[in-house]
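S.K.: Sharing a structure, written as structure tokens. Questions coming.
The values are calculated or read from the model by the stated rules, or taken from the named source; none is laboratory data. Source: prediction; values computed, not measured. With ideal geometry, Cβ positions are generated from the backbone for all residues, glycine too; neighbour counts draw on all protein chains shown. Note: accessible area is taken over every heavy atom of the protein model, side chains too, but ligands, DNA and RNA are not part of it. Shrake-Rupley method; radii C 1.70, N 1.55, O 1.52, S 1.80 Å.
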Amino acid sequence: MDITPAWLRERGLRAVLFDLDNTLVPYKTYGEAPQGLLEWLEALKEAGIQVMLVSNGSRRRVRYWCEKLGVPGFGPAGKPWFGFRKALRRLALAPREVAVVGDQLFTDVLGGNLIGAYTVLVPPLSKREMGYTRLVRKLERWVLQNPSLGLAAWGNEEFDPKEPRQEPTISKE
Ligand SMILES: [Mg+2]
């Protein structure tokens, strides 16, 4: 929620493509969206920022959350290779006008960078993940914390992609 209309505007960004699981809501959860989340999404939209979910989750799950959150979106998107270009076409925007926000380096951030979008990596909301994702996290951690790879953005030692950034607020499954 640190992503504000002003922050986006400063960077020339006119739309945000959000990942769903562990970015906006904890993995596998259903239920009511937290009021703060809804208000923040509403504030983005009111400021003229287009918002879209691009998720690798099931069609049913993505549809459920699009409705709850009041934003358009689609899934399964096939990130990192597919999905973002489709979103750009739907929004009729150039890659440099779009931010991609997600919790995974090898789906969200890689996919966003492959199309030339502005990417934002956030710590996951929940420690619960698919077995496969947990495996990929090990590689992700290695990449993010290896200084010789020169990822200057990771000067922030407090950032640990394995640590959930807050208690999940949605628990009904
Ligand atoms: Mg995710």
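S.K.: Just to be sure before I move on: is Val122 of a type in the set (A, V, I, L, M, F, W, C), modelled with pLDDT of 95 or more, buried (at least 16 other Cβ atoms within 10 Å of the Cβ) and within 11 Å of the ligand (Cβ to nearest atom) in the structure I sent? Talk me through it step by step, then tell me what you get.
M.R.: Values: of a type in the set (A, V, I, L, M, F, W, C): yes; modelled with pLDDT of 95 or more: no; buried (at least 16 other Cβ atoms within 10 Å of the Cβ): yes; within 11 Å of the ligand (Cβ to nearest atom): yes.
Criteria not met by Val122.
S.K.: Let me ask another. Restricting to segment 21-36, what's the tally of residues that are in contact with a strand residue (DSSP E or B) (Cβ under 6 Å, 6 or more places away or on another chain) and open to solvent by less than 40 Å² (accessible area, probe 1.4 Å)?
M.R.: Step one: filter segment 21-36 for residues in contact with a strand residue (DSSP E or B) (Cβ under 6 Å, 6 or more places away or on another chain), giving 23-24, 27.
This time we only want the ones that are open to solvent by less than 40 Å² (accessible area, probe 1.4 Å), so: 23-24.
Total meeting the criteria: 2.
S.K.: Report, ordered by the first and then the second residue, all pairs with beta carbons closer than 6 Å, sequence separation of six or more or different chains, a first member in segment 4-20 that is open to solvent by less than 10 Å² (accessible area, probe 1.4 Å), and a second member that is assigned to a helix (DSSP H, G or I).
M.R.: Going by the 6 Å Cβ cut-off, the qualifying pairs are Ala15/Leu91; Leu17/Ala87; Leu20/Trp65.
S.K.: Next question, about the same structure. Could you list all residues from segment 104-116 that are among the β-branched types (Val, Ile, Thr) and more than 16 Å from the ligand (Cβ to nearest atom)?
M.R.: Hit for segment 104-116 is Ile115, nothing else.
S.K.: Restricting to segment 14-60, what's the tally of residues that are away from the ligand (no atom under 16 Å from the Cβ), small (Gly, Ala, Ser), assigned to a loop (DSSP other than H, G, I, E, B) and within 24 Å of Glu97 (Cβ to Cβ)?
M.R.: 2
S.K.: Another question, if that's okay. Out of (1) touching a Leu at 6+ places or on another chain (Cβ under 8 Å); (2) under 17 Å from Pro124 (Cα atoms); (3) not hydroxyl-bearing (Ser, Thr, Tyr), the odd one out for Val71 is which?
M.R.: (2)
S.K.: Please go through segment 91-103 and pick out each residue that is within 11 Å of the ligand (Cβ to nearest atom) and either closer than 14 Å to Trp81 by Cβ or in a strand (DSSP E or B) (or both). Talk me through it step by step, then tell me what you get.
M.R.: Let us first name the residues in segment 91-103 that are within 11 Å of the ligand (Cβ to nearest atom), namely 101-103.
Once the filter is applied, which keeps residues that are within 11 Å of the ligand (Cβ to nearest atom) and either closer than 14 Å to Trp81 by Cβ or in a strand (DSSP E or B) (or both), segment 91-103 yields Val101, Gly102.
S.K.: I'd like to check something: does segment 128-147 contain any residue that is closer than 15 Å to Leu24 by Cα, within 14 Å of the ligand (Cβ to nearest atom), outside any helix (DSSP H, G or I) and modelled with pLDDT of 95 or more? Quick ask: steps written out before the conclusion?
M.R.: So in segment 128-147, the residues closer than 15 Å to Leu24 by Cα come out as 128-129.
In the following step, the residues that additionally are within 14 Å of the ligand (Cβ to nearest atom) were identified as 128-129.
Okay, now just the ones that are also outside any helix (DSSP H, G or I), so 128-129.
From the residues that got through so far, the ones that are modelled with pLDDT of 95 or more too are none.
No, every residue in segment 128-147 fails to be closer than 15 Å to Leu24 by Cα, within 14 Å of the ligand (Cβ to nearest atom), outside any helix (DSSP H, G or I) and modelled with pLDDT of 95 or more.
S.K.: Which of the residues that make up segment 61-90 are part of a helix (DSSP H, G or I), open to solvent by 20 Å² or more (accessible area, probe 1.4 Å) and more than 21 Å from Gln35 (Cα to Cα)?
M.R.: Passing the criteria: Arg85, Lys86, Arg89, Arg90.
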